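I have placed the structure first, in the form of structure tokens, so that the comments after it can refer back to it.
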Amino acid sequence: MQRRPSQKALVVTEGFGSNTQGTLNDIAVREFHDALSRDEDVAFAVAAIMALTAVIKRSSAATLMGVSKELEDAAQALQRVNPTNISLKAGCELFLRYTTRTSALELKDIETAKARLIERGLHFAETSTRARQTIAELGSRFLRSNCTVLTHGYSRVVLRLLQQAFSSGLQFSVIVTEGRPDGTGITMAKKLDAENIPVTLVLDSCVAYIMDRVDMVLSGADAVVENGGIINKLGTYGIALAAQAASKPFYVAAESYKFARLYPLGQADLPEERKPLDVGPMLPSRTNVINPSRDYTPPQCISLLVTDLGVLTPAAVSDELIQLYL
């Protein structure tokens, strides 16, 4: 059965009654978790945007400077929920920049100004939610009939793109890496199979072996950094190197709210994040285990980035970042 991905309505709730105790930071964190629990497809950054909009709704500040301070504090509280989540931090920063870059700041009536900020926040959340579908429509054009696509682990935006291409009648197959240590590739394989898209699961270490059978690599991203490189699930860089050696295009699908003001020079510059790794009971006790959860892929390994801002070369990312934060 072929079907287009469903579009779910965006909901930003008030979150608390008038007699509920708690700070705006508590409200932000609660709304953030509620947004994630309501819809498993909501990205961390979009959930943060919805939570910060709820903060404006609940604000009792008498000045816009006060509202701005409350938003900054709430954004910091959200980032403390997951300190190493780069897209969460980038989403908060973009929202703060977007909402304060408005004529509402010139209004003397605080309630009217708040209403304008809420309207702007909701618009930003709606735009961010539509980003995946925009990317899917742009990126599906890169696939050709009977091609083979390699992807790494599970990415919601990559899945949406593949669903879009398949629903248009295009026939292709997908090779998915297992995505250790958390096995996210198995999740991706199940979701592709549910769409009747032909899928093959391979070991992460099998990538170079099967690269000759692949027509293109399609990767998601945790973050797109200033030089056009990406930070993504561990193993992405190795796949990019294998694709480069085999002269296969390496495409990245990423929402613009993942554009981050970071400039890593190498793997050591990444914020440290680790996932649990089960190596079994037989490992000698004196053996060290290195298990980072993500790596950095430099721009020279990336062919193009498919974003809701358009199809970009890695070199164009810095210009887009400047426009986003102006």
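The values are calculated or read from the model by the stated rules, or taken from the named source; none is laboratory data. Fair warning: this is a prediction, and the values are worked out from it, not measured in the lab. Here the Cβ positions follow ideal geometry from the backbone for every residue, glycine too, while neighbour counts run over all protein chains shown. For the accessible areas, the whole protein counts, side chains as well, though only heavy atoms, and no ligand, DNA or RNA atoms are used. Shrake-Rupley method; radii C 1.70, N 1.55, O 1.52, S 1.80 Å.
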(Q) Taking each pair of distinct Cα atoms in the chain once, what is the resulting Kirkwood hydrodynamic radius in Å? (A) 20.9
Q: For every other residue with a beta carbon closer than 12 angstrom to the beta carbon of residue 158, add +1 if it is Lys or Arg and -1 if Asp or Glu, then tell me the sum.
A: +4
**Q.** In nm, spacing of pseudo-spin labels at residue 145 and residue 127 (7 Å Cα→C-beta vector)
**A.** 3.9
Q.
Need the list of aspartates and glutamates near residue 190 for cross-linking: C-alpha distance under 19 angstrom, and skip anything on the same chain fewer than eight residues off.
A. 39, 40, 41, 178, 182, 204
Q. Among all helices in the chain defined by DSSP H, which have a length of 18 Å or more along the axis from Cα atoms plus a Kyte-Doolittle mean of at least 1.6?
A. 44-58
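Counting only other residues whose beta carbon sits under 15 Å from that of residue 264, what net charge do I get with K and R as +1, D and E as -1?
Local charge sum for residue 264: -2.
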Q: Please say if the stretch 160-304 is rounded, prolate or oblate, where rounded means a/c under 1.5 for a ≥ b ≥ c the square roots of the C-alpha gyration tensor eigenvalues, and otherwise the choice is prolate for a/b larger than b/c and oblate otherwise?
A: oblate
Q: Give me the net charge of residue 227's neighbourhood, meaning all other residues with Cβ under 13 Å from the Cβ of residue 227; Lys, Arg count +1, Asp, Glu -1.
A: -3
**Q.** Distant-in-sequence amide H partners of residue 230 (H built 1.01 Å from N, under 5 Å)
**A.** 225, 297
Q.
Accessible area per residue for the chain in Å², computed with a 1.4 Å probe and the full protein assembly in place, what is it?
A. 48
Q. Between residue 112 and residue 60, what length in nm is gained on full extension when 0.36 nm per residue of separation is reduced by their alpha carbon distance?
A. 17.4 nm
Q | Candidates 151, 187, 134, ranked by Gaussian network fluctuation over the chain, Cα under 10 Å, top entry | A | 187
Q | Amide H partners (placed H, <5 Å) of residue 172, local residues excluded | A | 146
Q. Label residue 273 and residue 72 with points 7 Å out from Cα along Cα→Cβ: what is the distance between them in nm?
A. 2.6
Q | R0 of 30 Å, Cβ-Cβ distance residue 247-residue 318: FRET efficiency to nearest 0.05 | A | 0.70
Q.
Quick query: amide H of residue 201 versus all other amide H atoms, modeled in the peptide plane; which residues come in under 5 Å with a sequence gap of 5 or more or a different chain?
A. 176
**Q.** Cα-Cα pairs of the stretch 272-315 separated by more than 15 Å (percent)
**A.** 64
Q.
Straight-line reach only, C-alpha to C-alpha below 24 angstrom: list the lysines that residue 248 could link to, leaving out same-chain residues fewer than 8 apart.
A. 233
**Q.** Fraction of accessible area attributable to carbon and sulfur, the chain (%, probe 1.4 Å)
**A.** 52
